Ligand code: WT7
């Protein structure tokens, strides 16, 4: 029988041990918490280290059902590597079929729509299974085959989960594009992946409004000559439907068979593509494997979120991001869990919607991003106080460093001082969480992501490739054998793959693009690492990744612009926003109109998520002798930080003027 809320709360209240009230905050789980956790013995780190390949082979076997098992665990051909060679499995089969016997009546997905007068949808494992099978057959009828890329421009509605699982079932690759990216951004990704099918919705609800999708994407479908478009009727906006090309989701599955044989896929077949921003040019199609990705999603969800029978797990991550893939959908379902999805804005109708949802469904685990926590904190703790959040047992954070202040608010106000916070560091490329403290082991240090998971080797290196000392900073890298879920390449772009990840320290060390600090804390022989942020030309806006290059490319299209540089500028809520340094043609006056043009073209080419937070019209930008813009100075200026050696610029005198324009208030003196 379930205990009543009060007694659960009392029990939970004892679950915390703070090391020393006078020292830096370091928290350890109590005995009760350890007792419940799947992993509570730090020996696992040592055991994994002894033979990481064997460790992963054993764990992968435990995590998934495999149709066939190959002989080889790991092979390397730098900068490529493979896991579980010759083994066969299917992600959708593992999410659904194998749970039918034990939990077919259990909720797989609880979906909460944004409008408060609309009822929720709860899909049991049986219902989800049926829908996925039908839609898989529909995909086949539309000519989709194993290895075909299917692009999604979909909101957080159950059909997104159904369609993703259906792709997995037949071995097609979903390529999901976030709805806050523009139709142009969808076009680039469809084009690169060669998608002949787009799955979208007529619209969805966000912030009390209806956002439309289908009507916005129509010109792109025309331009690309796309064969088919599946449309979910979510908001009843009745978009134009082109005969023969556009199909309503419901009509399409109506007469389909309710069983579709799951494709027996090779562990190293590609499971899906997900486009993400890099340091150069257009976004890259990150390739993930079928088997190892699935095993990693299953295992990390179990270990890090400590998912148990009957838990309600609430991740606020959208399916447009890797977090949505691994931890809103696949991870929880692979474990036979219940995942809670919410369609809309956390502020609708009031800024307590998430607290309301946690209370309504008795959510036990809550995973979100620092930017959202900061924003909700700004709305005031009063919004929380009326809600009973005693069901929560564990909190998670992802996407950017969480500052200790925000950590403490999250810990005390949302977790009521009772729930551990797993600060999970990972990337689109890693497919799953790699650095974090485990709930049954700890320690939890505000602002510090944590140690590498068992079986994973992370380090912080200096410029020469040597590991830095404790308390020193450097570049964050991963060493072999590589995380089972790490990317298997960039779609159709070998050189990009090599340049982006395997050039900093050669092809046997994966460079993340992040800077980090080795802390004095250690667990099971693994150092806790503090991630200090990107050190390449990638921005993290509200935890969403954008490349300086793609925003610059968009702005360069304007006739008025001679040159443009985009760097991240710190922002209270969003973490970072794009700051634009623009050089106008000599006959163009600075005006509100040109400012608006810049904003509009970024929104059009990249999407609203990339909207510039500051635009500076400047007479020049600092350059090297060869004319390359030195972003380091611009970054330093907008964050009031250090600029470093100014003599490396061929035109250092421009810095003084830039300092005035950006209202620089940092430590540098200018003497020119
Ligand atoms: C970048 C990856 C991981 C899914 C969401 C973002 C930053 C991510 C943390 C964290 C500090 C973090 C890094 C990383 N990041 N998690 N816990 N602490 N920084 O995926 O869009 O691929 O971005 O997000 O800079 O490289 P992504």
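The values are calculated or read from the model by the stated rules, or taken from the named source; none is laboratory data. Source: prediction; values computed, not measured. Reconstructed Cβ throughout: ideal geometry from the backbone, glycine too, with neighbour counts over all protein chains shown.
Where residues in the stretch 497-537 are closer than 12 Å to residue 279 by Cβ, at pLDDT below 95 and in contact with a strand residue (DSSP E or B) (Cβ under 6 Å, 6 or more places away or on another chain), which of them is nearest to the ligand (Cβ to nearest atom)?
Looking at the filtered set, the residue picked out is 534.
Filter the stretch 68-86 for residues that are surrounded by 15 or more Cβ atoms within 10 Å (Cβ to Cβ), out of contact with any helix residue (DSSP H, G or I) (no Cβ under 7 Å at 6 or more places or on another chain) and outside any strand (DSSP E or B) and give the result.
70
So if I check each of 138, 108, which one is in contact with a helix residue (DSSP H, G or I) (Cβ under 6 Å, 6 or more places away or on another chain), within 23 Å of residue 327 (Cβ to Cβ) and not assigned by TED's automatic domain parsing to the domain that holds residue 297?
Matching residue, one of 138, 108: 108.
For residues that are in a loop (DSSP other than H, G, I, E, B) and more than 36 Å from the chain's Cα centre (by Cα), tally how many sit in the stretch 650-672.
Matching residues across the stretch 650-672 total 8.
Which condition breaks for residue 395 when tested against (1) away from the ligand (no atom under 16 Å from the Cβ); (2) in contact with a helix residue (DSSP H, G or I) (Cβ under 9 Å, 6 or more places away or on another chain); (3) more than 30 Å from residue 287 (Cβ to Cβ)?
Of (1) away from the ligand (no atom under 16 Å from the Cβ); (2) in contact with a helix residue (DSSP H, G or I) (Cβ under 9 Å, 6 or more places away or on another chain); (3) more than 30 Å from residue 287 (Cβ to Cβ), only one is false for residue 395: (1).
Being in contact with a strand residue (DSSP E or B) (Cβ under 8 Å, 6 or more places away or on another chain), outside any loop (DSSP other than H, G, I, E, B) and in contact (Cβ under 8 Å) with a residue 40 or more places away in the chain is the filter here, so list the residues in the stretch 380-428 that pass it.
Hits for the stretch 380-428 are 394, 396, 398, 407, 414, 422, 424, 425, 428.
Output yes when any residue across the stretch 59-66 is assigned to a strand (DSSP E or B) and touching a helix residue (DSSP H, G or I) at 6+ places or on another chain (Cβ under 6 Å), and no when none is.
No, because not a single residue in the stretch 59-66 is assigned to a strand (DSSP E or B) and touching a helix residue (DSSP H, G or I) at 6+ places or on another chain (Cβ under 6 Å).
Only one residue in 221, 198 is buried (at least 21 other Cβ atoms within 10 Å of the Cβ), part of a strand (DSSP E or B) and not assigned by TED's automatic domain parsing to the domain that holds residue 493. Which one?
Answer to the selection: 198.
Here is a yes/no grid of residues against (1) in the same structural domain as residue 391 (by TED's automatic domain parsing); (2) more than 20 Å from residue 194 (Cβ to Cβ); (3) crowded, with 18+ Cβ neighbours inside 10 Å:
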position: 243; (1), (2), (3): no, yes, no
position: 249; (1), (2), (3): no, yes, yes
position: 257; (1), (2), (3): no, yes, no
position: 283; (1), (2), (3): yes, no, yes
position: 294; (1), (2), (3): yes, yes, yes
position: 304; (1), (2), (3): yes, yes, yes
position: 315; (1), (2), (3): yes, yes, yes
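Is it the case that some residue within the stretch 580-588 is closer than 28 Å to residue 372 by Cα and not in a loop (DSSP other than H, G, I, E, B)?
The answer is yes, given that some residue of the stretch 580-588 is closer than 28 Å to residue 372 by Cα and not in a loop (DSSP other than H, G, I, E, B).
Return a yes/no flag: does the stretch 320-332 have any residue that is assigned to a loop (DSSP other than H, G, I, E, B) and over 14 Å from residue 396 (Cα atoms).
yes
Residues to consider are 294, 317; find the one that is in contact with a strand residue (DSSP E or B) (Cβ under 8 Å, 6 or more places away or on another chain), more than 16 Å from the ligand (Cβ to nearest atom) and not in a strand (DSSP E or B).
Among 294, 317, only 294 is in contact with a strand residue (DSSP E or B) (Cβ under 8 Å, 6 or more places away or on another chain), more than 16 Å from the ligand (Cβ to nearest atom) and not in a strand (DSSP E or B).
Here are some residues: 347, 327. Which one is within 16 Å of the ligand (Cβ to nearest atom), under 25 Å from residue 546 (Cβ atoms) and modelled with pLDDT of 95 or more?
327 is the lone residue from the list that is within 16 Å of the ligand (Cβ to nearest atom), under 25 Å from residue 546 (Cβ atoms) and modelled with pLDDT of 95 or more.
Out of the residues in the stretch 599-639 meeting the condition of being in contact with a strand residue (DSSP E or B) (Cβ under 6 Å, 6 or more places away or on another chain) and in a helix (DSSP H, G or I), tell me which one is surrounded by the fewest Cβ atoms within 10 Å (Cβ to Cβ).
The residue in question is 631.
Can you pull out the residues in the stretch 431-441 that are buried (at least 24 other Cβ atoms within 10 Å of the Cβ) and touching a residue at least 60 places away in the same chain (Cβ under 8 Å)?
The answer is 431, 432, 433, 435, 436, 437, 438, 439, 441.
From 460, 541, which residue is within 16 Å of the ligand (Cβ to nearest atom), under 19 Å from residue 280 (Cα atoms) and in contact (Cβ under 8 Å) with a residue 40 or more places away in the chain?
Step by step, each of 460, 541 is checked, and only 541 is within 16 Å of the ligand (Cβ to nearest atom), under 19 Å from residue 280 (Cα atoms) and in contact (Cβ under 8 Å) with a residue 40 or more places away in the chain.
Taking residue 473 as meeting all but one of (1) within 14 Å of the ligand (Cβ to nearest atom); (2) without any contact (Cβ under 8 Å) to a residue 24 or more places away in the chain, write down the number of the exception.
The one condition residue 473 does not meet is (2).
Kindly indicate which of 455, 447, 513, 465 is part of a strand (DSSP E or B), at positive phi, assigned by TED's automatic domain parsing to the domain that holds residue 56 and touching a residue at least 24 places away in the same chain (Cβ under 8 Å).
None of the other options fit; the residue is 513.
Quick test for you: out of 553, 559, pick the one residue that is assigned by TED's automatic domain parsing to the domain that holds residue 606, more than 15 Å from the ligand (Cβ to nearest atom) and in a loop (DSSP other than H, G, I, E, B).
Going through 553, 559 in turn, the sole match is 559.
Sort out which residues of the stretch 399-419 are within 17 Å of residue 346 (Cα to Cα) and in contact with a helix residue (DSSP H, G or I) (Cβ under 6 Å, 6 or more places away or on another chain), and write them in order of number.
Matches in the stretch 399-419: 410, 413.
Within the stretch 352-372, is even one residue part of a helix (DSSP H, G or I), under 15 Å from residue 317 (Cα atoms), within 16 Å of the ligand (Cβ to nearest atom) and in contact with a strand residue (DSSP E or B) (Cβ under 7 Å, 6 or more places away or on another chain)?
Checked the stretch 352-372: at least one residue is part of a helix (DSSP H, G or I), under 15 Å from residue 317 (Cα atoms), within 16 Å of the ligand (Cβ to nearest atom) and in contact with a strand residue (DSSP E or B) (Cβ under 7 Å, 6 or more places away or on another chain).
Residues being over 30 Å from residue 496 (Cβ atoms) and assigned to a helix (DSSP H, G or I): count how many of those fall in the stretch 32-58.
Residues flagged as over 30 Å from residue 496 (Cβ atoms) and assigned to a helix (DSSP H, G or I) within the stretch 32-58 amount to 17.
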